[in-house]
Each structure stands twice: as C-alpha cells, then as structure tokens.
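In what follows, a structure is listed as structure tokens, so that the remarks can point back to it.
The values are calculated or read from the model by the stated rules, or taken from the named source; none is laboratory data. Keep in mind that what you see is a predicted model, and the values were worked out from it rather than measured. Cβ placement follows ideal geometry from the backbone for every residue including glycine, while neighbour counts extend to all protein chains displayed. The protein model used for the area step is the full one, side chains on, heavy atoms only, and it has no ligands, DNA or RNA in it. Shrake-Rupley method; radii C 1.70, N 1.55, O 1.52, S 1.80 Å.
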Amino acid sequence: MKISLALLVLLLAAAWAGRQGSFRSSRVTCCSKEMFSRQKIPAIKIQRYEYTSPSCTHRAVLVTVAKGPICVDPEERWFQQYLRKQKKAKSTSQ
C-alpha cells in the first residue's frame, strides 16, 4: 500500500510537471494537496530542496531525489530535523 501510494504521488508529479514544464523552469511551481508525500525521505537520498512560491495555494518544499521532485510539507517533523542537521553541518564546516 505504501509503495503504491508513493508511486501514485510520483506519477501525479510527473504528469503535473509535463503540463507545467520542468520543475527547474522559471515558472512558478506549486504542489496540489494530492501531490504531497507523507513518507520520510532519508537524508542521504535528498539531492536538493527548494520552497515553492509564496503565491502557491499550499506551502510546500520540492525535495529532489534521484527519481525526481517530491512535494513535502515544510512543517513535517522529519523535514525540520533534516534542516537543523544541514544548518549544523554548514556551521561546523566553515
């Protein structure tokens, strides 16, 4: 069930990206409620992330993994922990 839900989210994201153009385009990229993933993404799989535009209906973060971008709620506990670890790693490496 979890795998099929994740697959559905990825398929919806791919279909939506096809209509909207690339996630890396200069256009505003937003996530609909159906596109959000509730599953924790292991930090090692995260290649990069970016916040969606404030003009979007739903606040989200586009987390890019090898298979493509995934919409994540920026308030998810695991994502907040990921951000804290990233910030700490940057501050200790400087």
> Among (1) touching a helix residue (DSSP H, G or I) at 6+ places or on another chain (Cβ under 8 Å); (2) open to solvent by less than 60 Å² (accessible area, probe 1.4 Å); (3) modelled with pLDDT of 90 or more; (4) part of a loop (DSSP other than H, G, I, E, B), which single condition is Lys40 missing?
Replying inline: (2)
>> Please determine whether any residue of the range 45-56 is open to solvent by 60 Å² or more (accessible area, probe 1.4 Å), part of a loop (DSSP other than H, G, I, E, B) and modelled with pLDDT of 95 or more.
In response: yes
>> Cβ-Cβ distance below 6 Å, separation of 6 or more or different chains: which pairs start in the range 54-73 with a residue that is farther than 10 Å from Cys30 by Cβ and end on one that is of a type in the set (D, E, K, R) and part of a strand (DSSP E or B)?
In response: Thr64/Arg48
> Right, Lys85: basic (Lys, Arg) and either crowded, with 16+ Cβ neighbours inside 10 Å or modelled with pLDDT of 95 or more (or both) or not?
Replying inline: no
> Before we move on, is Leu7 modelled with pLDDT under 95 and surrounded by fewer than 14 Cβ atoms within 10 Å (Cβ to Cβ)?
Replying inline: yes
